[in-house]
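Visitor: Here it is: the structure, laid out below.
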Amino acid sequence: MNAPTETALQQDTATLYERLGSRPGIEAIVEDIWNNHVSNPLVNKRYANSDPATVKRLVTEMCCAGFGGPETYTGRDMLTTHKGMNINDTEFVAVCDDVLKALDKHNVGKRERDEILCILYSLKGDVVYQ
């Protein structure tokens with residue numbers, strides 16, 4: 001059996017933030033998530049009156065902070081943000097699909113995709129039917 005390479009060991013200990021390319025990598029992914037959302041007929045109406053720069057900044061902050069980066073999230077918590085929106089399961093899955101599409105575009109690995117999907121589903125109770 002071969003000993004693991006230094007690169008393999010670094011990948012095992014790197015945060016999700018680092019594995020996604022730190023802030024620049026996450027910003028690029030968030031840009032594609034936004035583009036997917038606003039072109040997705042299942043959810044695009046939810047973003048019609050949103051300020052794109054603000055939404056992208058907050059999503060980037062949230063991802064960076066939540067994925068192990070040094071950034072601070074300055075937005076509201078998920079429950080407060082989604083209260084009264086009455087988002088349904090179909091919309092939630094559509095948003096997750098948009099995220100996965102963006103991750104695919106950026107050649108994000110299975111391990112990272114799975115971690116992000118787990119994070120998204122951990123937030124579902126604060127988003128759906130609130």
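Read the figures in this text as sums done on the coordinates, not as results from a lab. Note that the coordinates shown come from a computational prediction; the quantities given were computed from them, not determined experimentally. Neighbour counts are summed over all protein chains in view; Cβ atoms, including those assigned to glycine, are modelled from backbone coordinates with ideal geometry.
Visitor: Being out of contact with any Gly (no Cβ under 7 Å at 6 or more places or on another chain), in a loop (DSSP other than H, G, I, E, B) and of a type outside the set (G, A, S) is the filter; apply it to region 14-48 and report the residue that is surrounded by the fewest Cβ atoms within 10 Å (Cβ to Cβ).
Guide: Among those that are out of contact with any Gly (no Cβ under 7 Å at 6 or more places or on another chain), in a loop (DSSP other than H, G, I, E, B) and of a type outside the set (G, A, S), it is P41.
Visitor: Additional query: If I filter region 81-116 down to residues being part of a helix (DSSP H, G or I) and in contact with a strand residue (DSSP E or B) (Cβ under 9 Å, 6 or more places away or on another chain), which single residue comes out as farthest from R23 (Cα to Cα)?
Guide: If we take residues in region 81-116 being part of a helix (DSSP H, G or I) and in contact with a strand residue (DSSP E or B) (Cβ under 9 Å, 6 or more places away or on another chain), then D89 is farthest from R23 (Cα to Cα).
Visitor: If you go through region 64-80, how many residues are in a helix (DSSP H, G or I) and touching a residue at least 40 places away in the same chain (Cβ under 8 Å)?
Guide: Looking only at region 64-80, we keep the residues that are in a helix (DSSP H, G or I), and these are 64-66, 78-80.
Of the ones still in play, those that are also touching a residue at least 40 places away in the same chain (Cβ under 8 Å) are 64, 66, 78-79.
Number of matching residues: 4.
Visitor: Run A14 past the list (1) without any contact (Cβ under 8 Å) to a residue 12 or more places away in the chain; (2) hydrophobic (A, V, I, L, M, F, W, C); (3) within 20 Å of K124 (Cβ to Cβ) and report the number of the one that doesn't hold.
Guide: (3)
Visitor: Would you pick out the residues in region 49-63 that are of a type in the set (S, T, Y), surrounded by 11 or more Cβ atoms within 10 Å (Cβ to Cβ) and either touching a helix residue (DSSP H, G or I) at 6+ places or on another chain (Cβ under 8 Å) or outside any loop (DSSP other than H, G, I, E, B) (or both)?
Guide: Kept after step one, since they are of a type in the set (S, T, Y), are these residues of region 49-63: 50, 54, 60.
Within this subset, residues satisfying the condition of being surrounded by 11 or more Cβ atoms within 10 Å (Cβ to Cβ) are 50, 60.
The answer is T60, and nothing else.
Visitor: How many of the residues making up region 74-130 are exposed (fewer than 14 other Cβ atoms within 10 Å of the Cβ), of a type in the set (G, A, S) and within 15 Å of the chain's Cα centre (by Cα)?
Guide: Final tally of qualifying residues: 2.
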